[in-house]
1. Scan the range A:292-313 and give yes if some residue there is within 26 Å of A:Cys109 (Cβ to Cβ) and over 17 Å from the mean Cα position of the chain (by Cα), otherwise no.
2. Report those strands (runs of 3 or more DSSP E) wholly inside the range A:150-245 carrying at least 2 residues which are crowded, with 20+ Cβ neighbours inside 10 Å and either more than 14 Å from chain B (Cβ to nearest Cβ) or within 16 Å of ligand 2 (Cβ to nearest atom) (or both).
3. Considering (1) of a type outside the set (Asp, Glu); (2) outside the structural domain of B:Gly313 (by TED's automatic domain parsing); (3) under 24 Å from the mean Cα position of the chain (by Cα), say which one B:Leu419 fails and leave the rest.
4. Taking the range B:370-404 on its own, how many of its residues are of a type in the set (A, V, I, L, M) and within 11 Å of chain A (Cβ to nearest Cβ)?
5. Residues in the range B:420-427: is at least one away from chain A (no Cβ under 11 Å), polar (S, T, N, Q), more than 16 Å from ligand 2 (Cβ to nearest atom) and more than 30 Å from B:Ile527 (Cβ to Cβ)?
6. Find the helices (runs of 4 or more DSSP H) located wholly in the range B:1-80 whose residues include 2 or more that are surrounded by fewer than 17 Cβ atoms within 10 Å (Cβ to Cβ) and among the hydrophobic types (A, V, I, L, M, F, W, C), and list them.
7. Which residues, counting only those in the range A:123-149, are within 14 Å of ligand 2 (Cβ to nearest atom), small (Gly, Ala, Ser) and within 23 Å of B:Glu401 (Cβ to Cβ)?
8. State the number of residues belonging to the range A:135-165 that are out of contact with any Pro (no Cβ under 6 Å at 6 or more places or on another chain), aliphatic (A, V, I, L, M) and modelled with pLDDT of 95 or more.
Amino acid sequence: MSDVKLTIDGQKVTVANGTSILEAAKQIGIKIPALCYDPNLEVVAACRLCIVEIEGSNKLQTSCSTRVKEGMVVHTESEKVVETRKDVLQLLLDSHPNDCLTCQKAGDCFLQKYAYEYDLKFREHDGAMRPELLDTSSPYILKDDAKCILCGKCVRTCAQVSERQVLTFAERGYDTYIACDANQTLETSSCVSCNRCVTVCPVGALVDKRQLSKLRSWEGSSRVVNCKRCDYGCEFEIVSKDNKNISVVAKPPTNGRPLCLKGRLNTELEYLNQPEAPYRKIDGRFEETTWSKALSLDGILEKIEKMDSIKGSTGEE
Amino acid sequence: MITVEKLKKIKKEQRPLLEKRLREIGNVDIKEDGSIVLNGDYYKKQLRIALKNCEIIDPNNIKEYIAVDGYFALADCLSNMSPKEIIEDIKESGLRGRGGAGFPTGKKWETAYSYDDDQKYMIANADEGDPGAFMDRSILENDPHSVLEGMIIGGYAVGADKGFIYVRAEYPLAVERLQIAIEQAKELGVLGNNILGTGFNFDIELRLGAGAFVCGEGTALIESIEGKRGMPRTKIYRTSHKGLWEKPTIINNVETYANVPVIFQKGVNWYKNIGTEKSPGTKVFALVGKVENAGLVEVPMGTTLREIVFDIGGGTQNGKKFKAVQTGGPSGGCIPADLIDTPVDFESLDEIGSIMGSGGMVVMDEDTCMVDIARYFLDFTVDESCGKCVPCREGTKRLLEMLERFVAGKGEEGDIERLERLSNTVTEASLCSLGKTAATPIVTTLKYFMDEYKAHIYDKKCPAGACQALVEYFITDDCIGCGACAKACPVDCISGEKKELHVIDQDRCIKCGACMEACPPKVSAVIKR
Ligand SMILES: Cc1cc2nc3c(=O)[nH]c(=O)nc-3n(C[C@H](O)[C@H](O)[C@H](O)COP(=O)(O)O)c2cc1C
Ligand code: SF4
Ligand code: SF4
């Protein structure tokens, strides 16, 4: 593929033809704000934060969906861009609950990050707010619709695994929300608790429930391990505090990896000092279960023991 | 197999029958050149191209369409013209899309033609979601074959063999007539395999839209045909390059297609001479609102608003003062009375901040409050926003909330500036044209009727007397003390001795207007202010 030369914020850059402006900017260290963009997902240009000004065009363009052209001159922080971007962000804040003090996502939240960077605050008003719908039905995921910014990343990542496609948009306009199947809860829906959606949600609308109240994002430390359960080797973060491994967090699935609950539980059991009880979904109901059941090791464990004891008794190495 | 000879034979047989039937009804003039037009003043001042057969032929009889030269253009195109020549002619004719944006049709077809692909699609956009619009419905119900013929010609030109008509499910009669038309066209051999014996195949299927306004947006419509949620796509590619199922796809409006056969029947030069240089041809408008003769009006582009509203429409009703006309549907602009001589074409409307849109035209008189009108249109957009992008989903909602406050007398200092700024952001940053044009009713009313905004916000008054929360019923010195008003008042808030001046307790008044009705006409002491 041929290369394209362009200028972004005064810096010259050469990238492959077909690259988006956003990716081209990233290559020279310019991070254009974006909430709905994810290199692993279909480009939808819905949040409109990544707008940039292109010389010769009087309209702002979204940098995630606009591909580079030879000789293009792009401004990612011109006055017009910044003013418009701030207005769009403010619109999101105006519908968002002022709950950063106790929100699990604080510190990792992109809405918070951009509000900080562009110096925007929550405003009081008597207009509409997103309805307070909280889905607490799952032991693994907490879904807080009031915090959702409708970027649709969860819907897109869920749809990447063809047999899942649990999450969808429902209603329209200001009343739009993310639904599980046809208006089920996480528990009664076909959700398999793989947590793909949790890994991509930019705000606190979908969070890992097993992490709640354990630590703030800036506390402790973490390292990444690969799941040993199957050949995909999905990545998990082992989060530790005070020399204790306290939670396992799924990392965004890449390279066609599916991510699954069993793998995560497997990793929890392997690394955590005090893993919480596992749950299984049976006929649309979550039930507490045993580790061997959760990891489908029933029968196998006894057999392994038996085999090992036979080996031990015959004295073979 | 059908041939041109057979078409001619059908025409020869059917034409006298058609004329006889029409003479019996007596609603038409049959001219020397063979054209048939509806009689009456309302139609005399119009020039009908897209509507030319409406209320003239029987839409359920393909032979009547052939009797007025139908399918001859198709036969001519297929046997005597190359796809390239057809595209050149459409480009030369200057035909521009009638669905709203006015995009040059020939250019669009050329793009789809230029991509070498074994599968391409033609789509007719018959979603017509604008409230009060019924031009496309009228064409579909009264002259479905003209749309089929335009699509088949287009299909041949760009190299597509499959077409979809995306029609609102709320148009059952249009659906029924299209189904009959498709069947008859297939039976006759002008649609389907080996059309007119030329070896060209083209098939058309109907797709019913669930009625969301945004599904009329080209890419949302494609998503909907693909079975997905009807949300606009971000434009990485033109649909004429990658559209339906990622294949080159032409989407044109119903009226656009209805123009196509006529261009080939009467010739490019004939067509180009109608309308203006940059907007050739005619446009159909749905003239509604406070106008004497509401209805469908088709006139050459460049006709002035005055000619449409007054000469054809007969002006406002009941001698009320004309105040404004809104063009372009819910995302169009309000044009004030002093711009009534503006010619109606894409460029002129754009210059004064409005749009052609699909051809809605709402007439407003002195009783219409322009702030309330902006609120009314925003209310529609807020309901119809698909919710995908932030500026439209969130921004239109806040714009509406502001306007709602104004009409309720709760506007504050600084609100006009906030309204302007947010209108600008929604326009700049929205993903699709629904959001990009949602603020037009606000922007144009701010531009032409700023006084009314100020009156609402600073003086808490509605100059048109339309906003209930801001009007006050008041009894003047003319009061004769008959007590009729006090009797009529449902909340008993009028007091006064017999033969003395009566007074309304403004705090308790519910502004129903009963007192004004009750006051004897000769006295008329109750006024609204
Ligand atoms: C919100 C929205 C609604 C639309 N609705 C319609 C419609 O009902 N009919 C239509 O022909 N075009 C509609 N359009 C315009 C289409 O996107 C598209 O431009 C048009 O169908 C192209 O056909 P044309 O070039 O023949 O005008 C709509 C656009 C938007 C943004
Ligand atoms: S839940 Fe999160 S990822 Fe899903 S749409 Fe809402 S904000 Fe986006
Ligand atoms: S502008 Fe409105 S209708 Fe268009 S994509 Fe955005 S939310 Fe949907």
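The values are calculated or read from the model by the stated rules, or taken from the named source; none is laboratory data. Note that the structure is a prediction, hence the values are computed from the model and not measured. Glycine also receives a Cβ, built like all others from the backbone with ideal geometry; neighbour counts cover every protein chain displayed.
1. No, the range A:292-313 contains no residue that is within 26 Å of A:Cys109 (Cβ to Cβ) and over 17 Å from the mean Cα position of the chain (by Cα).
2. A:177-180, A:206-208, A:235-241
3. Every condition holds for B:Leu419 apart from (3).
4. Filtering the range B:370-404 for residues of a type in the set (A, V, I, L, M) gives B:370-371, B:373-374, B:378, B:382, B:390, B:399-400, B:402-403.
Next, from what is left, pick out any that are within 11 Å of chain A (Cβ to nearest Cβ): B:382, B:390, B:399-400, B:402.
Selection size over the range B:370-404: 5.
5. Checking the range B:420-427: not a single residue is away from chain A (no Cβ under 11 Å), polar (S, T, N, Q), more than 16 Å from ligand 2 (Cβ to nearest atom) and more than 30 Å from B:Ile527 (Cβ to Cβ).
6. Counting at least 2 such residues, we get B:4-25.
7. If the condition is that a residue be within 14 Å of ligand 2 (Cβ to nearest atom), small (Gly, Ala, Ser) and within 23 Å of B:Glu401 (Cβ to Cβ), then A:Ala146 is the only one that fits.
8. Here the count works out to 5.
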